[in-house]
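Read through the structure below, which is laid out as structure tokens, and then see the notes.
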Amino acid sequence: MPVEIPKDKWTGKVRTVTLGATAAEGGTRTKSIVVGGDTTMPFMQFEAPTAHTPVIAIEIKSRKPDDWSSLLEETWGSVMSDPAAWAKAAEAAGADMIVLWLSLEDTADDAMRAVKSVLAATGLPLAVYGPGQVDKDNELLVAVSESANGEKLLLGICEDKNYRTIAATSMANGHLITARTAMDVNLAKQLNILISDMGLPLDRVIMDPTTGALGYGMEYGYSVMERLRLAALQGDAMTQLPMMVTPGFETWKTKESKVGVGVPEAWGDWKERAIHWETLTATALLESGASIVVLRHPESLKRVRTAITELMTA
Amino acid sequence: MALSGIQIYKMLPQTNCKECGFPTCLAFAMKLAAKQVELSGCPYVSAESKAKLAESSAPPVRLITLKGIGIDVKAGNEVCLYRHEKTFYNKSGLFVRIKSSQTDIAAQVARADAYKVTYVGIDFTVDGFAVEADDPSKFAEAIKAVRAATKRPLILISSDPAVLSAGAAVLPGETPLLCGATSANWEAMAEVAKTAKAALAISGDSLDELADLTEKIKAKGVEDLVLAPGGKTMGGSLILATQIRRLALKNFRALGYPMLTMPGNAGSPERESLLAAQAITKYAGFVVLDKFSPELMYALLVLRENIYTDPQKPIQVTPGLFDINNPKPESPVLVTTNFSITYFSVANEVEGSGLPARLLVVDADGMSVLTAWAAGKFDAERIAKAVKAFGVEAKTNKKQIVIPGHVAVLSGELEEELPGWEIRVGPREAVDLPAFMKKAL
């Protein structure tokens with residue numbers, strides 16, 4: 001019985017965004033990354049080819065974090081106290097991109113030095129995020145932005161209460177920004193509008209709709225992402241931005257990943273559970289529209305890479 | 001295709017008799033189209049229209065119920081492609097595969113059967129077992145061994161109709177899923193399923209083949225069918241599953257059945273976990289896993305609960321007083337609402353801090369702090385009521401509670417509601433709790 005397969009016809013398209021600049025493009029990256037360009041719901045390749053393969057970023061810190069799971073410390077080891085060595089190790093583990101978080105203790109000089117060392121240690125495109133306090137973020141990111149002029153860094157995190165300074169310095173120095181909102185389609189749109197109103201072209205903005213972890217609200221994030229992608233395909237310009245999500249950050253703070261003792265026996269093996277938590281969250285989010293997933297554990301990276309490779313093969 | 005209100009209206013008596021409770025037949029038709037009323041509300045509808053309307057109102061994905069001994073697992077009855085459009089109803093059943101050649105069947109089944117894990121106060125278990133006749137001579141014996149160790153529904157796997165027939169004979173009065181029919185054996189398989197009153201899974205290499213087989217098997221009198229579309233990669237499986245669900249939602253009857261996936265065929269446990277997760281998020285009715293491991297089962301059960309949560313009714317936590325990090329009488333009491341995400345954010349931060357505390361979860365109709373406060377569901381009265389109802393006073397020696405910073409405005413009223421208690425105002429965001437607890441408490 002011949003079955004006529006229904007195909008969705010969309011008018012809209014997710015914007016294409018390029019991260020990182022090679023020497024030819026005015027930076028020092030050995031390659032740049034292109035994300036977005038989607039014209040279908042995720043991986044519906046019988047309708048149209050998926051324009052760009054989703055990418056995996058590894059999260060690193062400018063100073064050794066004191067609240068990370070010992071499972072992460074075991075796997076990364078001593079490189080955690082040296083962002084350049086950490087970035088190199090992440091590249092060796094197969095990362096497409098590095099996300100460097102600066103620390104509250106960093107001065108502008110520290111931040112610039114850390115960014116410079118990471119840029120020297122790896123040719124991967126780089127995101128640089130402030131520690132998350134308005135004044136400190138602005139102080140550090142402006143310094144980084146100016147000193148790495150032309151690298152097409154992804155700077156962040158822009159939120160509704162603090163986006164102007166970061167967007168402005170990005171605009172002036174040829175970088176991109178991450179716009180983060182809290183699991184809500186309209187909030188995401190609104191922030192994109194505000195940023196766009198400042199004059200920063202939207203093909204230099206990645207949106208992070210935030211997601212929650214498996215078991216901790218992920219279903220909200222998952223549905224918000226599906227709705228954002230649907231809106232984008234339906235032609236709503238202010239939702240047509242590639243999405244970047246952080247399953248590493250989200251899952252490694254859950255008890256399931258963080259804690260190995262004193263938990264129910266039914267939770268099973270700690271390490272394998274933690275990897276499942278990160279991997280399953282990331283995979284679900286890729287299938288709901290993520291273009292960039294930021295992970296923490298190299299084993300998760302390996303498995304999510306398998307998922308991406310397979311999802312790209314119809 | 002689901003009918004529009006106008007199409008339905010044309011089949012109604014159009015007398016506007018109002019006996020259905022609506023002012024006009026058109027109004028009633030619109031309600032019918034929105035599936036908000038039953039056709040039985042109209043006493044005068046013709047038998048012919050009734051038949052047509054029943055056909056169009058049948059669920060796009062047929063409901064299939066597998067029965068064990070007093071335990072059922074259902075799949076189907078789904079009505080949407082994306083969970084936010086309405087909700088996903090029947091959670092993907094998770095089955096563990098046992099091979100008839102195995103020598104440790106009783107122990108394997110007993111372990112998985114006894115598995116129980118609690119998530120936000122809900123107990124989850126494995127749903128059933130799949131017995132594969134890799135050694136047909138031991139199949140009946142293996143099914144008996146499985147049945148002795150569990151009461152849950154079974155899936156029986158063999159490509160030989162005679163083997164499945166003998167296997168199903170071991171399970172009188174049950175509804176197992178036979179797996180299954182192919183282009184090569186469908187006629188004999190249909191007979192076996194019919195005789196055994198079992199559901200039948202159908203595999204095919206293409207949607208054309210699957211649709212062809214479901215129609216032929218249905219014509220033989222077997223209606224409880226399940227589709228096993230396969231797919232070689234995650235991308236391929238995702239596309240097939242999506243196409244089947246889409247076609248079913250467009251009332252393409254030949255593919256209007258739940259799906260079965262076997263991620264255990266994936267070759268490695270890592271791939272199995274990825275494929276199983278995809279099956280849960282993307283439309284599988286039944287999932288057969290090769291290996292039972294508690295850590296994967298827990299992750300999959302939580303994923304399933306998340307995806308199948310009704311988006312309009314967020315998961316709530318049972319209100320009460322919860323201990324974190326073994327609190328003592330002098331440990332602080334932190335107040336929050338029973339919205340699951342709010343609860344988790346707060347509980348997670350406090351747990352992560354290592355500091356002992358008690359968390360007083362107030363019934364705020366499952367809303368977050370600010371939303372509940374704005375809606376009048378998280379006020380001084382409700383907090384005071386929770387303090388009394390959950391016996392806070394008996395467990396602490398301090399008579400002090402910490403309320404979220406967002407509702408600092410409630411402290412005055414609370415002091416009136418709880419005379420003699422000290423009301424402290426905590427941070428607005430959960431993430432700032434550890435620092436606040438270290439410094440201020």
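Read-outs: derived from the displayed coordinates by stated rules, not from any lab. Just so we're clear, the structure is a prediction, and the values are computed from it rather than from any experiment. Cβ sites come from the backbone with ideal geometry, for glycine too, and all protein chains shown count toward neighbours.
Counting neighbouring beta carbons within 10 Å and listing from fewest to most, the residues B:F22, B:F139 come out as B:F22, B:F139. Our Cα-only numbers for the protein assembly as shown put the radius of gyration and Dmax at 28.2, 83 Å. When Rg and Dmax are taken over the Cα atoms of region B:5-57, they come to 9.5, 26 Å. Given chain B, what percent of its DSSP beta bridges are antiparallel, to the nearest 5? Antiparallel bridges: around 25 percent, rounded to the nearest 5. Overall, region B:5-57 carries a charge dipole of about 100 debye about its Cα centre when +1 sits on the Cβ of Lys and Arg and -1 on the Cβ of Asp and Glu, all other atoms neutral. Reported to the nearest whole Å, the Cα centre-to-centre distance from region B:409-441 to region B:389-406 is 10.
Set against the 2.2 N^0.38 Å expectation for a compact globular protein, region B:211-361 has a Cα radius of gyration ratio of 1.47. For region B:64-307, the dipole from Cβ point charges (+1 on Lys and Arg, -1 on Asp and Glu) about the Cα centre works out to 560 debye, to the nearest 20. Over region B:64-307, the reciprocal of the mean inverse Cα-Cα separation, the Kirkwood hydrodynamic radius, stands at 17.8 Å. Looking only at region A:128-143, which residues have a backbone nitrogen under 14 Å from a spot 7 Å from the Cα of A:R164 in the C-beta direction? Output list for this probe position: A:135, A:138. For A:Q190, neighbours were defined as the other residues whose beta-carbon sits under 15 Å from its Cβ, and their charges (Lys and Arg +1, Asp and Glu -1) total -1.
Sort all Cα-Cα distances of chain A into consecutive 10 angstrom bins from zero, then give the percent of pairs in each bin up to the one containing the longest distance. Using 10 Å bins, I get a P(r) of 6, 28, 36, 23, 6, 1, 0 for chain A. Under a 5 Å amide H cut-off, with hydrogens placed 1.01 Å from N, B:R428 pairs with B:G405 among residues at least 5 apart or on other chains. Cross-link reach is defined here as a Cα-Cα straight distance under 15 Å, omitting same-chain residues fewer than 8 places apart; for B:K291 the aspartates and glutamates meeting it are A:D269, A:E272, B:D104, B:D113, B:D127, B:E132, B:E270, B:E272. Going from the fewest other Cβ atoms within 10 Å to the most, the residues B:F124, B:F378, B:F339 appear in the order B:F124, B:F339, B:F378. Computed with the Debye formula from one identical point scatterer per Cα of region A:206-298, without solvent, the log10 of I(q)/I(0) at q = 0.26 Å⁻¹ comes to -1.25.
Whole-percent P(r), region A:9-97, all Cα pairs, 10 Å bins from 0: 14, 32, 25, 22, 6, 0.
Helical content of the protein assembly as shown, expressed as a calculated mean residue ellipticity at 222 nm, amounts to -12000 deg cm²/dmol (DSSP H runs of 4 or more residues, -39,500 (n - 2.57) each, divided by residue number, nearest 500).
Other residues with beta-carbon under 11 Å from the beta-carbon of B:P161 carry, at +1 per Lys or Arg and -1 per Asp or Glu, a net charge of -3.
Rounded to the nearest 20 debye, the dipole magnitude of chain B is 480 debye, with +1 charges on Lys and Arg beta carbons, -1 on Asp and Glu beta carbons, and the Cα centre as origin. For the protein assembly as shown, the antiparallel share of DSSP beta bridges with both residues in that region comes to about 25%.
Karplus-based coupling profile of region A:10-22, in residue order and whole Hz: 10, 9, x, 8, 6, 5, 9, 10, 10, 10, x, 10, 7, with θ = phi - 60° in 6.51 cos²θ - 1.76 cosθ + 1.60 and x standing for Gly or Pro. Counting neighbouring Cβ atoms within 10 Å and putting the fewest first, the residues A:T306, A:T11 line up as A:T11, A:T306.
Restricting the calculation to Cα atoms, chain B yields a radius of gyration followed by a Dmax of 27.3, 80 Å.
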